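Only one structure is covered here, and it is reproduced in the block below.
The values are calculated or read from the model by the stated rules, or taken from the named source; none is laboratory data. These numbers come from a predicted model, not from an experiment. Don't worry about glycine lacking a Cβ; one is built from the backbone with ideal geometry, like all the others, and counts go over all protein chains shown.
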Amino acid sequence: MARMQPGRSCPRHYRYSPAVFARAADLKAQSLYIVGGLYGNPFALDAVLAMARREGATLVFNGDFNWFNVDPAEFESVNETVLRHVALRGNVETEIAGEDSGAGCGCAYPEWVGDAEVERSNEILARLRERASAYPEIRARLAALPMHLIAEIGGLRIGIVHGDAESLAGWQFSQEALRESPGRAQALLAGAGIDVFACTHTCLPVMQEFATPRGTALVVNNGAAGMPNFRDTRFGLATRIAAEPSGEALYGMRLGAVVVEAVPVRYDPGAWLARFDRLWPEGSPASLSYRKRIASGPAYELDQALRLSTPSGALTRAA
Ligand SMILES: [Fe+2]
């Protein structure tokens, strides 16, 4: 049965109750960048550090900052740098921090992701796990990271997760699930008393609006900070929440006293592709699964990502 295969399952220790969000905020911020799915891209890491520094914004890395960084120096520098900031562990960090539990990459891939791709993800994870084994101190720090955080900004409660409101590797906040069964996400938002869930993990971005008893709520998934997210583009994406809009945002929405936006993470795409090719040459599992996306983006359009029921709340978009 598919759910028992490595890379398909959702380990029990990945799960939490939506009731965990009924607590006081863990941090308060004036402005926030939420960076998920850096995937070991050091150029994207430099870019988000510079973006946050320019605005004096708080950076939160919500998991999967490791993935392609199997080079020892890069494994060390990506982790040392990220761990100076607020961070959550994603399934990748959880798997390389722990012993092999048979969960593979821990992605909990749904049916629409093919077996060959799942198998390649397990192979990438196995290589990264081998690399991580030389760094027990980094592994211990990754293991100690939380799975969820609540940030308060402009009076709004922002639930920051890697997957969804119930699991580190949940797919309820994927663009696919939000399209097919939005009622589930709506119930999770209402039950959790959260205004904005900011997530990543499922690799494609989406910003979707919901009506809850508390008022308008949003799920915002940044896709990947370290890889392109739209067809024929070569930049990553981060979620920005602040009082004033950014001139850089691709799309966004005003919600009470803040704006929630998708902002491009602009790194040198040629340099990143060259680095990726050196670490993961032609024929390697990462090359087969990700090279095309890194070179020219996935088959997904910017227009598919923004799903607002009150378009008047939308901020201007620039491609
Ligand atoms: Fe993930």
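Listed residues LEU188, LEU149, LEU218; which is touching a residue at least 40 places away in the same chain (Cβ under 8 Å), in contact with a strand residue (DSSP E or B) (Cβ under 6 Å, 6 or more places away or on another chain) and more than 30 Å from PHE75 (Cα to Cα)?
Working: LEU188 fails: in contact with a strand residue (DSSP E or B) (Cβ under 6 Å, 6 or more places away or on another chain); LEU149 fails: more than 30 Å from PHE75 (Cα to Cα).
Criteria check complete, one pass: LEU218.
Every residue in the range 191-206 that is touching a strand residue (DSSP E or B) at 6+ places or on another chain (Cβ under 7 Å) and either within 16 Å of the ligand (Cβ to nearest atom) or assigned to a strand (DSSP E or B) (or both), please.
Those that are touching a strand residue (DSSP E or B) at 6+ places or on another chain (Cβ under 7 Å) and either within 16 Å of the ligand (Cβ to nearest atom) or assigned to a strand (DSSP E or B) (or both): VAL196, PHE197, ALA198, CYS199, THR200, THR202, PRO205, VAL206.
Can you tell me how many residues in the range 251-271 are in contact (Cβ under 8 Å) with a residue 24 or more places away in the chain, surrounded by fewer than 22 Cβ atoms within 10 Å (Cβ to Cβ) and among the small types (Gly, Ala, Ser)?
Total meeting the criteria: 3.
I'd like the full set of residues that are without any contact (Cβ under 8 Å) to a residue 12 or more places away in the chain and either closer than 16 Å to ASP268 by Cβ or assigned to a helix (DSSP H, G or I) (or both), limited to the range 37-89.
Quick first cut of the range 37-89, residues without any contact (Cβ under 8 Å) to a residue 12 or more places away in the chain only: 50, 53-54, 73, 84.
Selection gives ALA50, ARG53, ARG54, ALA73.
For the range 105-117, state whether one or more residues are in contact with a helix residue (DSSP H, G or I) (Cβ under 6 Å, 6 or more places away or on another chain), away from the ligand (no atom under 12 Å from the Cβ) and over 27 Å from TYR33 (Cα atoms).
Yes, the range 105-117 has at least one match.
Does at least one position in the range 304-315 carry a residue that is hydroxyl-bearing (Ser, Thr, Tyr), modelled with pLDDT of 95 or more and touching a strand residue (DSSP E or B) at 6+ places or on another chain (Cβ under 9 Å)? Even if it seems obvious, please write down each step before you answer.
Taking the range 304-315 and keeping what is hydroxyl-bearing (Ser, Thr, Tyr), we get 309-310, 312.
Imposing the further condition that a residue be modelled with pLDDT of 95 or more reduces the set to none.
Within the range 304-315, not a single residue is hydroxyl-bearing (Ser, Thr, Tyr), modelled with pLDDT of 95 or more and touching a strand residue (DSSP E or B) at 6+ places or on another chain (Cβ under 9 Å).
From the list GLU209, GLU244, GLU282, which residue is of a type in the set (Asp, Glu), over 21 Å from LEU38 (Cβ atoms) and assigned to a strand (DSSP E or B)? Give the derivation first.
Working: GLU244 fails: assigned to a strand (DSSP E or B); GLU282 fails: assigned to a strand (DSSP E or B).
Unique residue meeting the criteria: GLU209.
Answer yes or no: is there a residue in the range 180-188 that is in a loop (DSSP other than H, G, I, E, B), in contact with a Cys (Cβ under 9 Å, 6 or more places away or on another chain) and under 20 Å from ASP303 (Cα atoms).
Restricting attention to the range 180-188, the residues satisfying the condition of being in a loop (DSSP other than H, G, I, E, B) are 181.
Adding the requirement that they be in contact with a Cys (Cβ under 9 Å, 6 or more places away or on another chain) leaves none.
No.
Is it true that ASN229 is assigned to a loop (DSSP other than H, G, I, E, B) and within 16 Å of the ligand (Cβ to nearest atom)? Outline the logic, then answer.
Working: assigned to a loop (DSSP other than H, G, I, E, B): yes; within 16 Å of the ligand (Cβ to nearest atom): yes.
Judged against the criteria, ASN229 is a match.
When residues of the range 90-113 are filtered for being among the small types (Gly, Ala, Ser) and assigned to a helix (DSSP H, G or I), how many remain? Break it down into steps so the answer makes sense when it comes.
Here is the first cut: in the range 90-113, the residues among the small types (Gly, Ala, Ser) are 90, 97-98, 101-104, 106, 108.
Those still in the list that are assigned to a helix (DSSP H, G or I) too: 97.
Number satisfying all stated conditions: 1.
Using the structure shown, decide if ALA134 is surrounded by fewer than 20 Cβ atoms within 10 Å (Cβ to Cβ), assigned to a helix (DSSP H, G or I) and away from the ligand (no atom under 14 Å from the Cβ).
Details: surrounded by fewer than 20 Cβ atoms within 10 Å (Cβ to Cβ): yes; assigned to a helix (DSSP H, G or I): no; away from the ligand (no atom under 14 Å from the Cβ): yes.
Spelling it out, it is not the case that ALA134 is surrounded by fewer than 20 Cβ atoms within 10 Å (Cβ to Cβ), assigned to a helix (DSSP H, G or I) and away from the ligand (no atom under 14 Å from the Cβ).
Scan the range 149-176 residue by residue and report those that are touching a Leu at 6+ places or on another chain (Cβ under 7 Å), surrounded by fewer than 23 Cβ atoms within 10 Å (Cβ to Cβ) and part of a strand (DSSP E or B).
Once the filter is applied, which keeps residues that are touching a Leu at 6+ places or on another chain (Cβ under 7 Å), surrounded by fewer than 23 Cβ atoms within 10 Å (Cβ to Cβ) and part of a strand (DSSP E or B), the range 149-176 yields LEU149, ALA151, LEU156.
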